[in-house]
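The values are calculated or read from the model by the stated rules, or taken from the named source; none is laboratory data. Quantities reported herein were computed from a predicted structural model and do not represent experimental measurements. All Cβ positions, even for glycine, are placed from backbone atoms using ideal geometry, and neighbour counts span all protein chains on display. Quick note on the areas: whole protein, heavy atoms, side chains included, nothing else; ligands and nucleic acids left out. Shrake-Rupley method; radii C 1.70, N 1.55, O 1.52, S 1.80 Å.
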Amino acid sequence: MNFYSRKWVRPEDLNANGTLFGGSLLKWIDEEAAIYAIVQLGNERCVTKFYSEINFVSSAWQGDLIEMGLVATHFGRTSLTMSCMVRNMITRKTILTIDKIVFVNLGPDGKPAPHGYTEITYLRDRIPKRTTAPIPRQPITEVIPVQRPEEATSIDIVDPR
Ligand SMILES: CC(=O)SCCNC(=O)CCNC(=O)[C@H](O)C(C)(C)COP(=O)(O)OP(=O)(O)OC[C@H]1O[C@@H](n2cnc3c(N)ncnc32)[C@H](O)[C@@H]1OP(=O)(O)O
């Protein structure tokens, strides 16, 4: 397992118990896992599909330095499964473990697409090269004007999803 990112636990990341807020930690992990998937699958269009149970093994405290580790455990047809561990960088005490995080490789149509990889790369050989414009958002198909414009605080947009 490689520990790629380190974080310094700051006051804004604490919960009411004065320890690291689980939501902050999960947000960091999801971003780390997304970057890992992009590098492994050579595609910016990778999305989180599944998290197995998350074990908050021990707390981190303000001022602690922590590090996040990931390793790919299974290359599927369109998916990549990885496992995760977060630990204290100094003491090496485990803070969190997640057995399975699954990301899915999407094609240009937004549907699962085969990625073609079977093994971990430790190089930067698969990093996607952006040859076109950034991924566009889903088009807005219809804008409904509000009935009484003087009461409007925003425009109602129909989301086609
Ligand atoms: C980085 C981010 O924050 S992304 C934001 C959060 N994520 C999202 O918004 C994704 C929302 N989800 C989706 O759009 C859809 O579920 C999709 C496109 C990801 C997948 O659609 P599905 O209909 O499940 O696709 P499909 O059944 O073909 O499965 C795709 C892969 O996921 C795997 N998979 C599906 N469900 C699960 C599950 N519950 N657990 C583990 N793996 C799963 C499948 O085994 C398959 O892998 P494989 O091709 O390697 O065998």
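To put it simply, the accessible area of segment 2-151 at a 1.4 Å probe is 54 percent carbon and sulfur. Legend: residue pairs Lys49/Lys111; Lys49/Lys129; Lys100/Lys129; Lys27/Lys49; Lys49/Lys100; Lys27/Lys100, Cα-Cα distance threshold 20 Å; pairs beyond threshold, Lys49/Lys129; Lys100/Lys129. Shown are Leu65, Leu80, whose ranking by accessible area with a 1.4 Å probe and every protein chain present, most to least, is Leu65, Leu80.
Would you tally the net charge around Ala37, using a Cβ to Cβ cut-off of less than 14 Å, leaving Ala37 out, and scoring K and R as +1, D and E as -1? Before the final figure, lay out the partial values.
On the way: positive: Arg45, Lys49, Lys100, Arg126; negative: Asp30, Glu31, Glu32, Glu44.
Net local charge, Ala37 excluded: 0.
Computed over neighbours whose Cβ is under 10 Å from that of Ser5, the net charge equals -1, Lys and Arg +1, Asp and Glu -1.
Modelled label positions at Thr118 and Lys93, each set 7 Å beyond Cα in the direction of Cβ, lie 4.4 nm from each other.
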